[in-house]
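The values are calculated or read from the model by the stated rules, or taken from the named source; none is laboratory data. The model shown is predicted, which means the values in this text are computed figures rather than measured ones. Positions of Cβ are generated from backbone atoms using ideal geometry, with glycine treated the same way; all protein chains shown enter the neighbour counts. All accessible areas refer to the heavy atoms of the entire protein, side chains included, with ligands and DNA or RNA removed. Shrake-Rupley method; radii C 1.70, N 1.55, O 1.52, S 1.80 Å.
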Amino acid sequence: VMNVPLYVSNNLLFDQHLKNVVNTKYQTRYDVVESYRGFNSFHEYRKLYKDEISNIRFYMENETLLNNWEIIPLNEMVLNSKWYKLANSGKGLVSWVYMEDETNKQQKYLCLVRKIDFFDLDSSGVLVINVNINTFNLILSQESQPIMIVDDLDNIISTNQPEYSGKKLTDIIN
């Protein structure tokens, strides 16, 4: 399940269409909408890997972008978030974070977060891919031994022990 977001993030790391869409300085809203209409990579990955991925979004500092719930211009809340700072300090390496999805009623997901650098344009953005928690829960419910999936910040993402779900690993284990 976790290999799919890695595979998708590796592909998006070199996606020229994504690079062009998020780095263009648009003159009008119409230009942005037309550009977004022609970019369907996120939708195609979500459709192809619906059991493994529930959402993909990309955060970018470009004041001419519009928020379409897939490409999201940076704001102060995102800039100050732990996950964004973790991704920016990760030098392009993947981190796994249990975080709220602002595009889905603040529901929490295990997310792959990764900084994507566009070196030739001297810019960068942060990719976030939500893992489908229902798939994790289905897999773990079939395990007879206690098992947990924990993110880089000690959040218990999924477990076959419901009393521990949503807690921190450090709160239940000394």
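When N104, N88 are checked against the criterion of being assigned to a loop (DSSP other than H, G, I, E, B), surrounded by 13 or more Cβ atoms within 10 Å (Cβ to Cβ) and modelled with pLDDT under 95, a single residue qualifies: N104.
Restricting attention to the stretch 90-113, does a residue exist that is out of contact with any strand residue (DSSP E or B) (no Cβ under 8 Å at 6 or more places or on another chain) and basic (K, R)? Checked the stretch 90-113: at least one residue is out of contact with any strand residue (DSSP E or B) (no Cβ under 8 Å at 6 or more places or on another chain) and basic (K, R).
So if I check each of L93, L169, L138, which one is open to solvent by 20 Å² or more (accessible area, probe 1.4 Å), free of Cβ contacts under 8 Å to residues at least 40 places away in the same chain, under 22 Å from N11 (Cα atoms) and of a type in the set (A, V, I, L, M)?
The unique qualifying residue is L93.
Taken across the stretch 18-38, residues that are touching a Leu at 6+ places or on another chain (Cβ under 9 Å) and open to solvent by 70 Å² or more (accessible area, probe 1.4 Å) do occur, with at least one present. Only a single criterion out of (1) polar (S, T, N, Q); (2) modelled with pLDDT of 95 or more; (3) open to solvent by 30 Å² or more (accessible area, probe 1.4 Å) is not satisfied by S9, namely (3). Step by step: first the residues of the stretch 21-51, then only those that are in a helix (DSSP H, G or I) and touching a helix residue (DSSP H, G or I) at 6+ places or on another chain (Cβ under 8 Å), then the one that is nearest to V94 (Cα to Cα). Which residue is that? Step by step, filter the stretch 21-51, then rank; the result is Y45.
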